[in-house]
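The values are calculated or read from the model by the stated rules, or taken from the named source; none is laboratory data. For clarity, every value in this text was computed on a predicted model and none was experimentally measured. Note that each Cβ is placed from the backbone with ideal geometry, even for glycine, and that neighbours are counted across all protein chains shown. These accessible areas exclude ligands, DNA and RNA; they are computed on the full protein's heavy atoms, side chains included. Shrake-Rupley method; radii C 1.70, N 1.55, O 1.52, S 1.80 Å.
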Amino acid sequence: MNKAIIGIGSNTTDAKARVEECCRNISEISSEAIFSSIYETEAVGSLPQPNYHNCVGVIRTTTSFDELKQKFKEMERETGRLPEHKSD
């Protein structure tokens with residue numbers, strides 16, 4: 001059994017709902033999932049942007065690291081997050 005600590009965050013207009021949905025989706029692919037409460041943080045950087053909603057999760061899964069990473073990338077794409085949206 002593998003254990004992973006993950007960070008989840010969104011700063012879209014429906015950020016809190018997206019984080020909640022992500023937690024539900026992750027719970028479906030792991031045998032055990034525990035998440036912190038969702039908290040709001042200010043965006044950091046020179047570009048003005050909305051605040052983030054964040055949480056941290058600990059999951060247990062039989063999925064390998066590479067498979068889990070791929071699944072999380074798929075989840076990002078399904079919600080509209082594309083590689084070109086990420087900053088350096």
Problem - Residue that is farthest from Lys73 (Cα to Cα), among those in segment 1-11 that are of a type in the set (A, V, I, L, M) and either in contact with a helix residue (DSSP H, G or I) (Cβ under 6 Å, 6 or more places away or on another chain) or in a loop (DSSP other than H, G, I, E, B) (or both) - result: Met1
Exercise for the section: Answer yes or no as to whether Thr63 is exposed (fewer than 15 other Cβ atoms within 10 Å of the Cβ) and part of a loop (DSSP other than H, G, I, E, B). Expected result: no
Exercise for the section: Look at Glu78 and say whether it is without any contact (Cβ under 8 Å) to a residue 24 or more places away in the chain and acidic (Asp, Glu). Expected result: yes
Problem - Within segment 12-37, considering residues that are part of a loop (DSSP other than H, G, I, E, B) and more than 17 Å from Met75 (Cβ to Cβ), the one most open to solvent (accessible area, probe 1.4 Å) - result: Thr13
Exercise for the section: Test each condition in (1) of a type in the set (D, E, K, R); (2) outside any helix (DSSP H, G or I); (3) within 15 Å of Ile8 (Cα to Cα) for Glu74 and report the one that comes out false. Expected result: (2)
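Here's the yes/no breakdown for (1) modelled with pLDDT under 95; (2) over 13 Å from the mean Cα position of the chain (by Cα); (3) not charged (D, E, K, R):
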{"position": "Glu21", "(1), (2), (3)": "yes, no, no"}
{"position": "Ile29", "(1), (2), (3)": "yes, yes, yes"}
{"position": "Glu40", "(1), (2), (3)": "no, yes, no"}
{"position": "Ala43", "(1), (2), (3)": "yes, yes, yes"}
{"position": "Ser46", "(1), (2), (3)": "yes, yes, yes"}
{"position": "Cys55", "(1), (2), (3)": "no, no, yes"}
{"position": "Val58", "(1), (2), (3)": "no, no, yes"}
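Restricting the search to segment 38-60, which residues are of a type in the set (A, V, I, L, M) and either over 18 Å from Met75 (Cβ atoms) or in a strand (DSSP E or B) (or both)?
Of everything in segment 38-60, those that are of a type in the set (A, V, I, L, M) and either over 18 Å from Met75 (Cβ atoms) or in a strand (DSSP E or B) (or both) turn out to be Ala43, Val44, Leu47, Val56, Val58, Ile59.
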